[in-house]
Amino acid sequence: MKPIIPDPQKFERIMQEIKKSGYGNLHILTDFDRTLTYGCIDGIKTPSIIAMLRDGNHLTPEYTEKARSFADKYHTIEIDPDIPIEEKKISMREWWAQHTELLIQSGLSKADLEDIVQNGPVKLRRGVTEFLDILQKNNIPLVIISSSGCGDAIRMYFEKNKSDYENIFYVTNQFVWDEAGKAISAKQPIINCMNKDETILQNIPEVYRAIKNRKNVILLGDSPGDLGMIEGFNYANLLKIGFQNCEYNSEEEFKKYFDIILQGDETFDYINSLVKTIK
C-alpha cells in the first residue's frame, strides 16, 4: 500500500532541509508499541506487554482486579478536559507509580518478559531490523520513548533480533532485578503518559548529549498523541510519520498531524528507502 502524503510540497521542503545537513544532524524519535511492532495482524489489534503478562497468567490472581481499580480511578482524570494539566500530571505520576509497585508485588520476573518476547504474538514490523542496521551503520541515534509498564521487554525484542546497538537509547520503564530475576524496585525516572517527551531527556545525560546538537528529527508514532514526544526539544526540521493501525478509522485525523501516513500492517520498507536518501 502506498504511503499517504497529505501535503507533498511540505514533505519535499522538509526532506530537502534534512538532506542538506545529512546524517550528522539527524536523530530518530519513536514510540515502540504498534509503531516498531505490528499494530494489527490480519485486522486484529495486537496486545500490549501488560495484557500478555496478565492474560498469560504470569502475575498473581490479585493483579487484574487491583490494576482495574487503578484504571477506573485515574483514567477518568486523564480524559477529563476540565481538569488542569498540572493536576493531571500529578495523578498520572501516582497511577504509574502505584501500578509499577503492583507489578513488583504481583511477582513480575525477567523470565515472564522473556517468555512473552519469545512466544507472544507481538512482532517487529518487517524491515525494522534493516532500519536498525541503517541507523547503526551511519551512527544515527535512535531514541525510543515508551510509557509501557515493562520497558525492559523492549530491549529484549532487539536482543532477540541481534539489533541491540550502542546508538539505541531506551527511555522506558525498567526494573531492578534480584539474583533470581524477580523485580524488586523500579528505576527512575518512571515514564508515564504525560511526561513521555524529550524534556525528560535532560535528566538522562547520556541520551541528551547524543541528540542535543542533532536538530533534524524523524518522529515515528501510531497516534497523534505521540507527537508530544518532541515537546521540549529545539528542533530545526521535523518529519512526522504515523502508522494508522486498524483501530484508527479516521484517515482525516491523521492527515491533520502527520506528514506521512502508513496504513494497516505496513512494513518499514518505505521508511528505509526514505532514510537512505538522506546520506
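Below are the figures for this structure:
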{"item": "Of the criteria (1) closer than 18 Å to K89 by Cβ; (2) of a type outside the set (S, T, Y); (3) touching a Pro at 6+ places or on another chain (Cβ under 8 Å), which one I211 fails", "result": "(1)"}
{"item": "Among (1) among the polar types (S, T, N, Q); (2) under 18 Å from the mean Cα position of the chain (by Cα); (3) open to solvent by 10 Å² or more (accessible area, probe 1.4 Å), the one test that Q136 misses", "result": "(2)"}
{"item": "Evaluation of S185 against (1) within 18 Å of the chain's Cα centre (by Cα); (2) closer than 27 Å to E101 by Cβ; (3) among the polar types (S, T, N, Q) (one fails), failing number", "result": "(1)"}
{"item": "Residue match in region 104-127 (condition: more than 27 Å from G56 (Cα to Cα) and modelled with pLDDT of 95 or more)", "result": "yes"}
{"item": "Residue within region 102-125 that is assigned to a loop (DSSP other than H, G, I, E, B), touching an Asp or Glu at 6+ places or on another chain (Cβ under 6 Å) and not aromatic (F, W, Y) present", "result": "no"}
{"item": "Hits in region 237-279 (condition: in contact (Cβ under 8 Å) with a residue 40 or more places away in the chain and of a type in the set (S, T, Y))", "result": "T267, Y270, T277"}
{"item": "Among residues of region 223-251, those that are open to solvent by 60 Å² or more (accessible area, probe 1.4 Å) and more than 26 Å from S48 (Cα to Cα), counted", "result": "3"}
{"item": "Helices (runs of 4 or more DSSP H) within region 170-279 that include 2 or more residues closer than 30 Å to I83 by Cα and at pLDDT below 95", "result": "251-257"}
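The values are calculated or read from the model by the stated rules, or taken from the named source; none is laboratory data. Please read all numbers here as calculations on a predicted model, not as lab measurements. Glycine also receives a Cβ, built like all others from the backbone with ideal geometry; neighbour counts cover every protein chain displayed. What goes into the accessible areas is simple: the full protein's heavy atoms, side chains included, and nothing from ligands, DNA or RNA. Shrake-Rupley method; radii C 1.70, N 1.55, O 1.52, S 1.80 Å.
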